[in-house]
Amino acid sequence: MRERLLTYTQQLLQQNLPFLLLRKSGESNVEILHQKSQKLHKTPHDTMSCAVLSKFLSFENQFYIIGEVRKSFSWGIQRRTLDGVAVNLPENVKIEHQNRVQSAVTSLKNEAFKKVVLSLKHTVAKSTDPLKILTNLLDEYPQANCYFFHHPSIGTWLGATPETLVSYKDGLLKTMSLAGTKSALADPQIPWGIKEKNEQQLVTDFISKALEKVTGKKPDVGDVETIQAGSLLHLKTSLEVPVDYGKINEVVNELHPTPAVCGLPRQAALDYIRNHENYNRSFYTGYIGVQNPVERRADYYVNLRCLEIDKSNIHLYAGGGITELSVPQDEVQEIENKLMTMARIIT
Ligand SMILES: C=C(O[C@H]1C=CC=C(C(=O)O)[C@@H]1O)C(=O)O
């Protein structure tokens, strides 16, 4: 069965057809939907399932892959322990990011904004076949939402994201507030710090208000939990609210980008990111997923712990939430830890 999925994916890549491959967290089946032509769609289909691919700046950058063909494959996981590849960013990149964080901390102390997520792109030479990377992805991260998409007009991306943007079924919309990071290898007795608790609470409050604004109802808000994503731990709160299927886009537009990937207030954080990150995030911190208008279902994931493959390079992306309590060196270490999630699977 593993071979069937790999052969099918290889054929799609050879034919240069647009596809999205997705295995949801905890599921054993891998779903592929793809087009029969290379056409670039900027609107969804009324009756067919579509992959939704949205960049960080979603208002001008949303694409759809129409599910003209849909396939399901089972994937028997073969666990091997991949070497723990440590990511050591070049010294100048570390210093640059530390300075960026330090300036943000100063601004956060002096100005009326509370949080900004700052990120970077780390490029390495491509030395591993994409199908080998896909194999590692599916074997290593059964608890993540694993995806791989290719479109001749927009690129090739792959990731193992822990964060659901919206999951919609039977009239109920579920989402989550995910923020705050520590290493899963550290002493579990060490409690979460005030910085992490605050930064995650900001996200929960934002999402709760956004859901209430669109639906007119207060969402059910769960307790704060600790979840594991690869070798990292995060704080997570689940939220859910009933809403009509026709309102999903409105909810998504209200939620995205959440303060887990952008900041608060949103516009001030967006402006800050545009002025201080010296690269284009593209699909990183955008969202990826599938909508099915007939079954009235939708599952979108925030595009984190991801990489982009081009002709000769692989680009890894990661960032972290900065508040006035952030320590620049720790933020660089956190990014290196997050980059590890993808670095492990490309060697
Ligand atoms: C922006 C990222 O993570 C977000 C999700 C979980 C924890 C985060 C944090 O602790 O900063 C970030 O908000 C990333 O992985 O690149």
Legend entry - Within the accessible area of the chain (1.4 Å probe), percent carbon and sulfur: 48
Legend entry - Whole-angstrom gap from the stretch 110-161 to the stretch 281-331, using each part's C-alpha centre: 7
Inset, instruction - Any chance you could run the full-extension gain for ASN99 through ASP187? It's 0.36 nm times the residue separation minus the Cα-Cα distance, nm to one decimal. - result: 28.8 nm
Inset, instruction - Please tell me which of these pairs span more than 28 angstrom C-alpha to C-alpha: LYS42/LYS195; LYS109/LYS174; LYS24/LYS236; LYS42/LYS197; LYS36/LYS247; LYS71/LYS174? - result: LYS42/LYS195; LYS109/LYS174; LYS42/LYS197; LYS36/LYS247
Inset, instruction - Taking only protein heavy atoms into account and a 1.4 Å probe, give the accessible area per residue of the stretch 1-93 in Å². - result: 55
Inset, instruction - Relative to the compact-globule scaling 2.2 N^0.38 Å, provide the ratio for the alpha-carbon radius of gyration of the chain. - result: 0.95
Inset, instruction - With a length cut of 24 Å (Cα positions projected on each helix's long axis) and a Kyte-Doolittle mean of at least 1.0, go through the chain and give me the DSSP H helices that pass. - result: none
Inset, instruction - Relative to the compact-globule scaling 2.2 N^0.38 Å, provide the ratio for the alpha-carbon radius of gyration of the stretch 207-286. - result: 1.28
Inset, instruction - Report the net charge of residues surrounding LYS338, where surrounding means a beta-carbon distance below 11 angstrom and charges are Lys +1, Arg +1, Asp -1, Glu -1. - result: -2
Inset, instruction - Determine which aspartates and glutamates satisfy two conditions relative to LYS218: a Cα distance under 14 Å, and not lying fewer than 8 residues away in the same chain. - result: ASP205, GLU240
Legend entry - Kirkwood-based shape ratio for the stretch 1-106, expressed as Rg/Rh from alpha carbons: 1.13
Inset, instruction - Specify the residue with the greatest mean-square fluctuation among GLU295, GLU163, GLU91, computed from a Gaussian network of the chain linking alpha-carbon atoms under 10 Å apart. - result: GLU91
Inset, instruction - Over all alpha-carbon pairs of the stretch 16-65, lay out the pair-distance distribution in 5 Å bins, whole %, shortest bin first. - result: 5, 19, 24, 23, 18, 9, 2
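The values are calculated or read from the model by the stated rules, or taken from the named source; none is laboratory data. Please read all numbers here as calculations on a predicted model, not as lab measurements. Cβ: placed from backbone, ideal geometry, glycine included. Neighbour counts: every protein chain shown. The protein model used for the area step is the full one, side chains on, heavy atoms only, and it has no ligands, DNA or RNA in it. Shrake-Rupley method; radii C 1.70, N 1.55, O 1.52, S 1.80 Å.
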